[in-house]
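Beneath this line is the structure, given in structure tokens, with notes to follow.
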Amino acid sequence: MGFYEKQIETKTVYEGIVVDIKSDIVLLDNGNKSRREVVVHPGGVGIVPLTSETKVVMVRQYRYCMGEEVLEIPAGKLEYGEDPFECAKRELSEETGYVGKKYVNLGKIYPSPGFSKETLYLYLAMDLEHFDAHPDENELLSVEEIDIDLLINMISTNEIFDAKTVVGILKAKMYLDNRDKS
């Protein structure tokens with residue numbers, strides 16, 4: 001299969017601080033036209049920081065859109081044109097105070113490709129050193145260390161809902177398990 005949709009019209013309907021929203025008309029392979037709403041976002045990073053072979057540094061913060069506190073891996077928004085790896089190192093330090101000596105690229109994910117252009121880049125950070133955290137002035141969060149096997153259990157019992165956290169933890173666990181088999 002090789003379906004494709006060709007953009008034939010685009011209009012920016014909202015320009016925001018974090019996202020823009022476009023309304024596009026596309027031509028489908030079958031000749032029909034359809035409307036697509038697209039959230040344009042610069043992308044972001046998520047980091048799974050391992051303090052030991054089993055403990056992961058997590059952040060808990062209130063997420064206004066969800067109306068609740070959310071347990072997440074440290075993460076942040078890319079600036080347009082910013083290198084994802086440099087962003088990951090910056091965000092880890094800002095949110096948790098940790099700096100990794102070793103990083104593993106866990107790949108990228110599309111959190112909601114049905115309407116958003118956001119791409120998230122995931123990293124595993126190991127051999128951590130701790131310094132003072134310096135979160136942005138509008139970031140209120142707490143830092144927790146949780147055993148990775150407990151996090152896996154929390155994912156399987158639907159206690160963790162954040163997509164980047166679910167994928168990041170599972171990919172980190174797969175990497176660690178495969179590394180240990182070598």
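Quick note: the coordinates plus some simple rules give every number you see, no bench work behind them. Since we're looking at a predicted model, the values are computed, not measured. Cβ coordinates were reconstructed from backbone atoms using ideal geometry, including for glycine residues, and neighbour counts include every protein chain displayed.
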On a straight-distance basis, which lysines could pair with K108 in a cross-link, Cα separation under 26 angstrom, same-chain partners fewer than 8 positions away excluded?
K6, K22, K55, K77, K89, K117, K164, K171, K173, K181
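Is the range 44-181 best put as rounded, prolate or oblate by its Cα gyration tensor, with a ≥ b ≥ c the root eigenvalues, rounded for a/c under 1.5, and otherwise prolate when a/b is larger than b/c, oblate when not?
Details: a/c = 1.19, a/b = 1.10, b/c = 1.08.
In terms of gyration-tensor shape, rounded.
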Using the Cα centre as the reference, give the magnitude of the dipole from point charges on the C-beta atoms of the range 1-50 (Lys, Arg: +1; Asp, Glu: -1; all else neutral), rounded to the nearest 20 debye.
80
Specify the angular offset, from 0 to 90 degrees and rounded to the nearest 10, of the alpha carbon long axis of helix 84-96 from the longest principal axis of the alpha carbons in the chain.
50
Taking the Cβ-Cβ separation of I8 and Y110 as r and a Förster radius of 25 Å, what is the calculated FRET efficiency to the nearest 0.05?
0.60
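Give the order of C87, C65 when sorted by the count of other beta carbons within 10 angstrom, beginning with the fewest.
By the 10 Å Cβ count, ascending, the order reads C65, C87.
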C-alpha center-to-center spacing [the range 91-143, the range 1-54] in angstrom
22
At most 11 other Cβ atoms within 10 Å plus a DSSP loop assignment makes a site exposed; report the longest stretch of the chain without any exposed chymotrypsin sites (Phe, Trp or Tyr not before Pro).
5-63
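Going by how many other Cβ atoms sit within 10 Å of their own, how do T12, T51 line up, fewest first? Before the final figure, lay out the partial values.
On the way: T12 11, T51 16.
Going from least to most buried by this count: T12, T51.
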Order by neighbour count: L141, L28, fewest other Cβ atoms within 10 Å first, most last.
L28, L141
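For the range 87-182, run through the GluC sites (Glu not before Pro) and keep only the ones in DSSP coil with at most 12 other Cβ atoms within 10 Å of their Cβ. All intermediate terms of the calculation are to be shown ahead of the outcome.
On the way: sites: E91, E94, E95, E118, E129, E137, E139, E144, E145, E159; in loops: E118, E137, E139, E159.
Counting only loop positions with at most 12 other Cβ atoms within 10 Å, the GluC sites (Glu not before Pro) in the range 87-182 are E137, E159.
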Would you mind checking the tilt of helix 163-181 against the longest principal axis of the Cα atoms of the chain, expressed as 0 to 90 degrees and rounded to 10?
50
